[in-house]
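Step one of this worksheet: look at the structure below.
The values are calculated or read from the model by the stated rules, or taken from the named source; none is laboratory data. This one's a predicted model, so the numbers in the text were calculated from it and none came from an experiment. Note that we place each Cβ from the backbone using ideal geometry, even for glycine, and neighbour counts take in every protein chain shown.
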Amino acid sequence: MQTENRFITVNGDKIPYEDHMTVARVLQVMNYIFRMLIVRVNGELVQKKDYATTIVPEGANVEVIHLISGG
């Protein structure tokens, strides 16, 4: 698994890219454990049920937004 000079961007931070990296793996690497998240990969919304199967392409821009309820 070659990661040298291969990155994705998550919320503005570059992290090393792994071959066949899924959204679930990105969340694990970033230690995002909050249950209520919105994830976009290159601007496309990813459904929570698809986190484990959606492959993040090399060089992708991933946005993770924590939803906070309250009033």
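Table for the structure above
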| read-out | value |
| --- | --- |
| Selection from region 37-71 of residues that are modelled with pLDDT under 95 and out of contact with any strand residue (DSSP E or B) (no Cβ under 7 Å at 6 or more places or on another chain) | Ile68, Ser69, Gly70, Gly71 |
| Residue satisfying condition, being among the β-branched types (Val, Ile, Thr) and outside any strand (DSSP E or B), within set Val39, Val62, Val26 | Val26 |
| Region 10-23, residues that are under 18 Å from Glu44 (Cα atoms) and surrounded by 16 or more Cβ atoms within 10 Å (Cβ to Cβ) | Val10, Met21, Thr22, Val23 |
| Qualifying residue in region 38-52 (condition: surrounded by 12 or more Cβ atoms within 10 Å (Cβ to Cβ), in contact with a helix residue (DSSP H, G or I) (Cβ under 6 Å, 6 or more places away or on another chain) and of a type outside the set (A, V, I, L, M, F, W, C)) | yes |
| Tally of residues being of a type in the set (Lys, Arg) and either on the phi > 0 side of the Ramachandran plot or touching a residue at least 60 places away in the same chain (Cβ under 8 Å) (or both) across region 31-52 | 0 |
| Matching residues, region 1-23, being part of a loop (DSSP other than H, G, I, E, B), in contact (Cβ under 8 Å) with a residue 40 or more places away in the chain and among the polar types (S, T, N, Q) | Asn11 |
